[in-house]
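Only one structure is covered here, and it is reproduced in the block below.
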Ligand SMILES: Cc1cc2nc3c(=O)[nH]c(=O)nc-3n(C[C@H](O)[C@H](O)[C@H](O)COP(=O)(O)OP(=O)(O)OC[C@H]3O[C@@H](n4cnc5c(N)ncnc54)[C@H](O)[C@@H]3O)c2cc1C
């Protein structure tokens with residue numbers, strides 16, 4: 001048993017942490033996070049140069065990593081630095097491009113020249129791909145898409161968008177196809193916690209078909225995205241707890257530091273206990289990736305992180321008092337990020353339901 | 001035991017309902033229901049309607065222009081207002097300064113100031129907190145030094161709610177550094193237009209502007225603006241805190257929020273199922289409902305105590321604690337109901353671009369904003385300290 005990072009991962013983690021600490025302060029972050037195009041090209045190329053994007057895909061597919069471990073190491077640091085660059089969408093889209101043999105496109109994404117996003121969820125579909133409504137219809141040799149895609153992370157300003165759509169005229173259980181569109185028009189907005197999001201209305205849009213049966217691949221990419229979000233949350237909560245402790249040490253009321261009140265120390269201890277739980281469940285999900293336990297363990301992680309991330313965020317705000325409520329205080333943006341992670345790629349409820357679905361009625365392992 | 005209201009109280013509730021249905025402007029109620037910020041004018045318009053009916057200053061006695069209601073009537077009134085999405089009235093003039101002047105003010109202050117609160121001529125804000133004095137309010141340092149017929153005020157207040165709408169501020173200021181910190185504080189009324197007063201906005205977590213910083217540099221304030229005696233400010237501040245605060249538990253708001261969740265749950269479909277059919281959401285809502293029902297009765301028990309003259313500071317602490325917890329749980333539930341659709345900043349989209357009901361689109365920012373409930377008005381930790389002090393006193 002060894003829970004230490006490998007030497008390579010330690011290096012990657014350190015260099016990313018250093019880069020964000022030196023080049024990505026909260027003012028820079030907030031300037032790009034809340035205003036279109038929600039993305040700073042110079043930060044993006046620097047991240048690509050550090051090898052961050054290439055680490056999302058295996059060597060055989062043009063990258064230099066591609067394990068769940070690689071992804072988790074990177075996203076933990078992105079979380080710690082509260083990076084709002086469109087990395088999640090890129091991870092999801094790039095995995096699929098690479099897996100489907102689109103090596104040229106994948107290489108451009110890895111170099112940071114091209115940005116890709118994945119349009120999978122819909123206004124009424126969070127997690128269960130069998131509920132997707134968007135359709136693709138083949139007319140002669142042209143594919144046309146219809147429906148509305150929603151919560152497309154990183155879509156504003158993306159060069160490529162991959163769209164998951166049900167093949168038309170093939171009945172209820174029709175396969176899901178994957179389609180490529182170029183810089184589509186979108187209904188773009190900043191997210192509450194920063195970063196760009198968009199809906200895409202597919203009104204008969206013409207598209208290139210990359211796959212006519214992609215459900216499993218997409219599910220795998222989404223699970224990896226969930227692991228990324230969990231790791232990001234662990235990084236963000238670690239930083240938020242650190243600055244909460246710092247603040248309690250500095251802030252004086254009643255002639256003493258807030259840190260000297262045992263009632264408040266205990267609150268922080270509980271936050272740390274949950275952070276450790278979150279780290280552990282993320283490690284479990286990383287380990288389960290690619291095994292039969294993948295989906296269920298990832299859902300466990302996403303559920304626990306969803307609950308505890310928002311709870312830690314609420315506690316951190318509370319312990320800061322009024323300051324924690326302000327835009328100017330970096331902690332408030334970390335808190336927003338932690339809460340809103342529970343709204344991405346399925347929330348605590350969606351993932352509890354998925355756990356139950358995957359193993360209906362089974363007792364917990366120990367009890368059996 | 002009798003959980004029922006009397007016939008008179010029920011009739012009163014009916015009156016309040018009819019009045020709200022008839023008089024509350026639709027556009028204002030719509031904004032409140034959608035969690036939108038209200039304009040200064042919205043609030044003044046509603047205040048004028050209430051004033052015309054004689055119902056504006058719920059806590060004031062009749063002789064000063066209040067309705068002379070009992071605690072139970074005040075409760076019924078505020079509950080119905082919340083249920084009808086009436087705007088929350090800024091408490092500063094009506095529930096804070098008004099009662100203070102009625103109790104501690106001199107005749108001239110009562111005569112000149114109270115009517116201007118009622119008719120909307122003055123908008124007051126509250127200058128208690130300072131950067132260094134939050135929970136430990138008594139450590140406040142804004143100085144007021146006597147100079148002939150004036151005090152000269154220097155210092156800074158912060159977190160001043162809706163100061164941008166106000167023309168006046170009531171402040172706790174330090175007039176003496178002798179003795180315990182509590183003993184050197186005075187209650188002073190300051191004109192925000194006076195030379196040397198500067199107000200700067202503070203942006204909150206949700207991006208909104210509802211609080212401010214106020215800076216005082218050599219501001220000359222007539223001695224006539226002192227309320228009560230010099231160095232009696234702490235007594236006044238404590239009077240305000242223990243002065244029975246209506247609706248501190250926010251039952252009406254919570255009831256409305258639960259109802260709103262159920263309505264939204266019927267409109268939202270996720271992963272092939274209507275949210276109202278999801279046992280997980282239904283169970284969470286049902287558990288909160290149980291808490292709310294208990295709180296409703298706790299509130300009535302404490303109201304009955306207040307009516308019988310047995311209300312204490314501990315009771316309002318209990319109500320504040322549980323009331324804010326229940327409301328924050330409801331805000332949380334409502335936000336979660338939206339799933340991925342909660343993420344975009346709805347103010348940047350047009351109504352026809354939204355995928356959720358317009359009323360619900362701001363659920364996430366409103367949730368973040370309501371984290372303030374457990375921080376202001378005496379944080380929940382300070383409320384626990386108050387209760388603990390009572391429980392563990394020697
Ligand atoms: C949205 C908003 C509006 C406000 N409006 C106004 C206004 O109009 N006018 C005004 O005067 N003020 C206003 N306030 C200020 C409010 O009253 C203070 O924020 C509050 O008193 C807490 O003070 P603080 O923010 O300095 O936090 P601090 O006092 O620094 O507290 C930080 C944390 O430590 C905890 N803590 C402090 N002391 C103890 C202790 N002894 N034991 C255990 N825990 C402790 C607190 O509970 C909190 O969790 C407003 C605040 C907010 C957020």
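The values are calculated or read from the model by the stated rules, or taken from the named source; none is laboratory data. All values reported here derive from a predicted model rather than from experimental measurement. In this analysis, Cβ positions are derived from the backbone assuming ideal geometry, glycine residues included, and neighbour counts consider all displayed protein chains.
Of the residues in the range B:375-394, how many are in a helix (DSSP H, G or I) and either out of contact with any helix residue (DSSP H, G or I) (no Cβ under 7 Å at 6 or more places or on another chain) or within 11 Å of the ligand (Cβ to nearest atom) (or both)?
Pass one, the range B:375-394, residues in a helix (DSSP H, G or I): B:380-391.
In the following step, the residues that additionally are either out of contact with any helix residue (DSSP H, G or I) (no Cβ under 7 Å at 6 or more places or on another chain) or within 11 Å of the ligand (Cβ to nearest atom) (or both) were identified as B:380-386, B:388-389, B:391.
Going through the range B:375-394 one residue at a time, the tally reaches 10.
Could you list, in sequence order, the residues of the range A:144-166 that are away from chain B (no Cβ under 14 Å) and surrounded by fewer than 24 Cβ atoms within 10 Å (Cβ to Cβ)? Quick ask: steps written out before the conclusion?
Our first condition is that a residue be away from chain B (no Cβ under 14 Å); within the range A:144-166, this holds for A:144-146, A:157-165.
Those that are away from chain B (no Cβ under 14 Å) and surrounded by fewer than 24 Cβ atoms within 10 Å (Cβ to Cβ): A:144, A:146, A:157, A:159, A:160.
Counting residues that are more than 16 Å from the chain's Cα centre (by Cα), which helices (runs of 4 or more DSSP H) fully inside the range A:1-96 reach at least 1? Before you say what the answer is, go through the steps one by one.
Details: elements: A:7-23, A:26-33, A:41-49, A:68-80.
Of the helices (runs of 4 or more DSSP H) lying wholly inside the range A:1-96, those with at least 1 residues that are more than 16 Å from the chain's Cα centre (by Cα) span A:7-23, A:26-33, A:41-49.
Which is away from the ligand (no atom under 16 Å from the Cβ), crowded, with 17+ Cβ neighbours inside 10 Å and touching a residue at least 24 places away in the same chain (Cβ under 8 Å), of B:237, B:249?
Details: B:237 fails: away from the ligand (no atom under 16 Å from the Cβ).
Only one candidate qualifies: B:249.
Whether any residue in the range B:377-393 is in contact (Cβ under 8 Å) with a residue 40 or more places away in the chain, closer than 28 Å to residue B:27 by Cα and assigned by TED's automatic domain parsing to the domain that holds residue B:282 is what I want to check. Reasoning before the result, please.
Residues of the range B:377-393 that are in contact (Cβ under 8 Å) with a residue 40 or more places away in the chain, as a first pass: B:377-384, B:386-387, B:390.
Filter once more, so that each one left must be closer than 28 Å to residue B:27 by Cα: none.
The answer is no; no qualifying residue exists.
For the range B:332-340, check the following and say yes or no: at least one residue is in a helix (DSSP H, G or I) and modelled with pLDDT under 95. Break it down into steps so the answer makes sense when it comes.
Of the range B:332-340, the ones in a helix (DSSP H, G or I) are B:332-337, B:339-340.
After this cut, where a residue has to be modelled with pLDDT under 95 as well, the list is none.
No: the range B:332-340 contains no residue that is in a helix (DSSP H, G or I) and modelled with pLDDT under 95.
Go through the range B:330-374 and count every residue that is more than 16 Å from the ligand (Cβ to nearest atom) and within 21 Å of the chain's Cα centre (by Cα). Working first, answer last.
Here is the first cut: in the range B:330-374, the ones more than 16 Å from the ligand (Cβ to nearest atom) are B:330, B:332-364.
If we keep only those that are within 21 Å of the chain's Cα centre (by Cα) as well, we get B:330, B:332, B:362-364.
Number satisfying all stated conditions: 5.
Would you point out which residue out of A:217, A:210, A:248, A:224 is within 16 Å of the ligand (Cβ to nearest atom), at negative phi and touching a helix residue (DSSP H, G or I) at 6+ places or on another chain (Cβ under 9 Å)? Can you show your working first?
On the way: A:217 fails: within 16 Å of the ligand (Cβ to nearest atom); A:210 fails: within 16 Å of the ligand (Cβ to nearest atom); A:224 fails: within 16 Å of the ligand (Cβ to nearest atom).
Just a single option satisfies the conditions, and that option is A:248.
Which ones in the range A:304-320 are at the interface with chain B (Cβ under 7 Å from one of its Cβ atoms) and surrounded by fewer than 23 Cβ atoms within 10 Å (Cβ to Cβ)?
Let us first name the residues in the range A:304-320 that are at the interface with chain B (Cβ under 7 Å from one of its Cβ atoms), namely A:314, A:317-318.
Within the range A:304-320, A:314, A:318 meet the criteria.
Considering each of A:188, A:170, A:198, A:174 in turn, give the residue that is surrounded by fewer than 24 Cβ atoms within 10 Å (Cβ to Cβ), in contact (Cβ under 8 Å) with a residue 24 or more places away in the chain and either within 14 Å of chain B (Cβ to nearest Cβ) or in a loop (DSSP other than H, G, I, E, B) (or both). First the steps, then the outcome.
Details: A:170 fails: in contact (Cβ under 8 Å) with a residue 24 or more places away in the chain; A:198 fails: surrounded by fewer than 24 Cβ atoms within 10 Å (Cβ to Cβ); A:174 fails: in contact (Cβ under 8 Å) with a residue 24 or more places away in the chain.
One residue alone meets the criteria, A:188.
Tell me, which strands (runs of 3 or more DSSP E) lie completely within the range B:111-182 with 2 or more residues that are within 10 Å of the ligand (Cβ to nearest atom) and touching a residue at least 40 places away in the same chain (Cβ under 8 Å)? Steps first, answer last, please.
Working: elements: B:124-127, B:143-147, B:150-158, B:168-174.
Because the criterion is at least 2 residues that are within 10 Å of the ligand (Cβ to nearest atom) and touching a residue at least 40 places away in the same chain (Cβ under 8 Å), the strands (runs of 3 or more DSSP E) in the range B:111-182 that meet it are B:124-127, B:150-158, B:168-174.
Quick one: how many residues across the range A:318-368 are part of a loop (DSSP other than H, G, I, E, B), modelled with pLDDT of 90 or more and either outside the structural domain of residue A:246 (by TED's automatic domain parsing) or farther than 19 Å from residue A:233 by Cβ (or both)? Full working, then the answer.
Within the range A:318-368, the first condition is being part of a loop (DSSP other than H, G, I, E, B), and the residues that meet it are A:327-329, A:342-347, A:359-368.
From what's left, modelled with pLDDT of 90 or more: A:327-329, A:342-347.
Okay, now just the ones that are also either outside the structural domain of residue A:246 (by TED's automatic domain parsing) or farther than 19 Å from residue A:233 by Cβ (or both), so A:327-329.
Number satisfying all stated conditions: 3.
For residue B:309, are the conditions met, namely being surrounded by fewer than 18 Cβ atoms within 10 Å (Cβ to Cβ), in a loop (DSSP other than H, G, I, E, B) and either under 18 Å from the mean Cα position of the chain (by Cα) or within 16 Å of the ligand (Cβ to nearest atom) (or both)? Give the steps one after another, and end with the answer.
On the way: surrounded by fewer than 18 Cβ atoms within 10 Å (Cβ to Cβ): yes; in a loop (DSSP other than H, G, I, E, B): yes; either under 18 Å from the mean Cα position of the chain (by Cα) or within 16 Å of the ligand (Cβ to nearest atom) (or both): no.
No: the conditions fail for residue B:309.
Within the range A:247-276, track down each residue that is over 22 Å from residue B:382 (Cβ atoms) and either exposed (fewer than 13 other Cβ atoms within 10 Å of the Cβ) or within 11 Å of another protein chain (Cβ to nearest Cβ) (or both). I'd like the intermediate steps shown before the answer.
Start the filter on the range A:247-276 by keeping residues that are over 22 Å from residue B:382 (Cβ atoms), which leaves A:272-276.
Matches in the range A:247-276: A:273, A:276.
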